[in-house]
Amino acid sequence: MVDRSFNFLSLIDCYNEPHRHYHNFSHIAMMYDWAREYKIKLSEEQRLAILFHDVHYSVDKKKNTFMGKYVSNEELSADIAQEWCKYCFEEDFVKRVYQIIRDTEIHIPTIPESNDVLDLDLLGLSFSCIYKDVGDKIRQEYKHFSNKEFNKGRSDWIESMLKRESIYTGFFASGDYEKNARINLEKNFKELNP
């Protein structure tokens, strides 16, 4: 499933694919910048998970098919990270990187190391100007979908986030981040469903 010739230049190429408007290196850099800004000490596993968590990204389900079965972007990204990291790190380390990336699929942590990474991945929900920009860029990634199809998918995702007891589970679980994220999500849901 993973190309064994994958290297750092391949990583750069992946994030520079022309269909990426949000899920690119700017998103990765923003996560690292926020970690620095908020003084979140990321472990090596967390830093690598951030770097690899969107390395595979396609909105075309046909490109995410392996042996006739749909495989998520996150699973494919985790597989790539696992293949790349296994030559440099111990097995338990690689398993943690893999699991953090898999947890970005539905943004529910299964291991403690995922908490801050998931929070950083979703932090843009808390800032109105960033939320709008991210939404516009994600819409560009789904430009081949009709407005009706996109609005339905986006609304379903928003509803799933709003139904949670808490969106943030790590550093940003306290403060106004949760409240602001919910305000932005609710506003966007109303815009998508007039």
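The values are calculated or read from the model by the stated rules, or taken from the named source; none is laboratory data. Only a predicted model underlies this, so the values are computations on that prediction, with no experimental measurement involved. Cβ placement follows ideal geometry from the backbone for every residue including glycine, while neighbour counts extend to all protein chains displayed. Side chains are part of the model used for accessible areas, which takes the heavy atoms of the whole protein and leaves out ligands, DNA and RNA. Shrake-Rupley method; radii C 1.70, N 1.55, O 1.52, S 1.80 Å.
Key figures
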| item | result |
| --- | --- |
| Calculated P(r) of the stretch 103-194 - Cα pairs past 19 Å, % | 40 |
| Probe 1.4 Å - accessible area at residue 185, Å² to nearest ten | 0 |
| Mean shadow area of the stretch 154-194, taken as a quarter of the surface of its Cα convex hull (nm²) | 2.7 |
| Projected-area average for the chain over all orientations - Cα convex hull basis, square nanometres | 11.3 |
| Inter-part distance where the stretch 92-110 and the stretch 123-194 are each reduced to a Cα centre, Å | 22 |
| In nm, spacing of pseudo-spin labels at residue 166 and residue 145 (7 Å Cα→C-beta vector) | 2.9 |
